[in-house]
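Remarks on the structure that follows.
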Amino acid sequence: MDQSIKLKIAGKIYPLKAANPQMEQMMRIAAEDVNRTLAKLNERYPDTPLEDKLVFVAIQEAVAKLHTAKKYESLNNDVSSLSSELATYLAEIEKD
């Protein structure tokens, strides 16, 4: 059952639903991360509108997501390769 939560991002409160306690925790951590990033952007670009800073945050998060997906794909390829090498090795051992 979904749980209603409230997250404060950029000074505004957003009512959201979390499917479970783990999701709630991840959402709270994500909100804290967004707020930390916004705070850094506020220091660096004090005259930039909030909407633009939120776009910067979105781009940073999207790049991080793409980077993670690429790394995950690379690790999966490594696992497949190692699995294939292991299968070949074990097949050679069984021959002897």
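A short reminder: the numbers here are calculations on the coordinates, not readings from a lab. On a predicted model such as this, the values are computed, not experimentally measured, just so you know. Cβ placement follows ideal geometry from the backbone for every residue including glycine, while neighbour counts extend to all protein chains displayed.
At what distance in angstrom do the alpha carbon centres of the range 65-96 and the range 1-61 lie from each other?
Their Cα centres are 37 Å away from one another.
About its Cα centre, how strong a charge dipole does the chain have in debye, to the nearest 20, once Lys and Arg get +1 and Asp and Glu get -1 at the Cβ?
My answer is approximately 700 debye.
Among the listed pairs 40/71; 12/71; 6/70, which have their C-alpha atoms separated by more than 29 angstrom in this model?
12/71; 6/70
Counting only helical runs of four or more DSSP H residues, what would the 222 nm mean residue ellipticity of the chain come to if each run contributes -39,500 (n - 2.57) and the total is spread over all its residues?
Per the formula, -26500 deg cm²/dmol.
Roughly speaking, what is the stretch gain from residue 58 to residue 39, that is 0.36 nm per residue apart minus the C-alpha to C-alpha distance, in nm to one decimal?
5.4 nm
Looking at the chain as a GNM with Cα springs under 10 Å, which of 78, 33, 52 has the largest mean-square fluctuation?
So, out of 78, 33, 52, the one fluctuating most is 78.
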